[in-house]
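Q: Once you've had a glance at the structure underneath, I'll fire off some questions.
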């Protein structure tokens, strides 16, 4: 089941006895857990029917014991297991058992036994962060059959701008394309951090108004003139003076502008430019979809494509790999990150 379906069901008061939330992206796991925490029981019901346990402190038998309790003066009890990846015997071992004349694999965990007939008055939430269980096991198959099994995956970088736009729209705000790209470039795909910064912005921006690049730059610590977005623009236009000014700023502020992140972002920029070159149909919407950018920015890539041929891009990718290795000490004895960036930009721009 996907995230939106789980939240939609919860809003309709369609509850399941077990939610097993696993995966690398903690944001979606936390969002589902927080909704269940806040919405299913009122404060008076929570006094006797709400428990939070931590994986390091409990074993599978204790989780089952908590889940088997009946609610008091409520239709449900909620039991949340945080850091469940630390419960050593949660999935148990796989063993072969004879069933109907053939051998089948079964989990030895007492929790697996509970899953076969979970208590319908208990809403058990298992937060299994940063890991996933092996979906080939009998334990995983039992979860898929008798529980909500949700895998929380990290978004790819090209998915982040659309996700930001959707999140802001759901909060009844608007956002400019440039603000979206600035947020995505500066904050990466850490959704928890993105949401934290957006929620701060929404306190400052009037409800229903548009979040602009100025709001982002003024309040999230992104320099208005010296950021990766402006560097990409300067490179695309072959504005040597501006590109070097930004490089000097990055060199003077390496903690806020790490070289490795700059290389990753430049690689993304030139990869999109290579995609643009490969397109037969370079119309705005088609190109935007192919590159994974807002149509607003297609003109920037069109201009940059006139300055960087496919042959030049090939040498740029080679340079990016070379200087990424140099930043890690390969073939480099003394040059610091600031010097490496200036050398790299010289090779890109000339």
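Q: Looking at this structure, is residue 189 surrounded by fewer than 20 Cβ atoms within 10 Å (Cβ to Cβ), in a loop (DSSP other than H, G, I, E, B), modelled with pLDDT of 90 or more and not assigned by TED's automatic domain parsing to the domain that holds residue 265?
A: So residue 189 fails the test.
Q: Additional query: Please find, among 69, 93, the residue that is more than 24 Å from residue 192 (Cα to Cα) and loosely packed, with under 14 Cβ neighbours inside 10 Å.
A: Just a single option satisfies the conditions, and that option is 93.
Q: Kindly evaluate residue 7 against the criterion of being closer than 28 Å to residue 196 by Cα and either modelled with pLDDT under 95 or touching a helix residue (DSSP H, G or I) at 6+ places or on another chain (Cβ under 7 Å) (or both).
A: In short, yes.
Q: Of the residues 293, 333, 263, only one is within 24 Å of the chain's Cα centre (by Cα) and at pLDDT below 90; which?
A: It is 293.
Q: Then there's this: Select from the stretch 119-146 the residues that are modelled with pLDDT of 95 or more, touching a helix residue (DSSP H, G or I) at 6+ places or on another chain (Cβ under 9 Å) and assigned to a loop (DSSP other than H, G, I, E, B) and list them in ascending order.
A: 119
The values are calculated or read from the model by the stated rules, or taken from the named source; none is laboratory data. Because the structure is a prediction, the values reported are computed rather than measured. Using ideal geometry, Cβ is built from the backbone for each residue, glycine included, and neighbour counts are taken over all protein chains shown.
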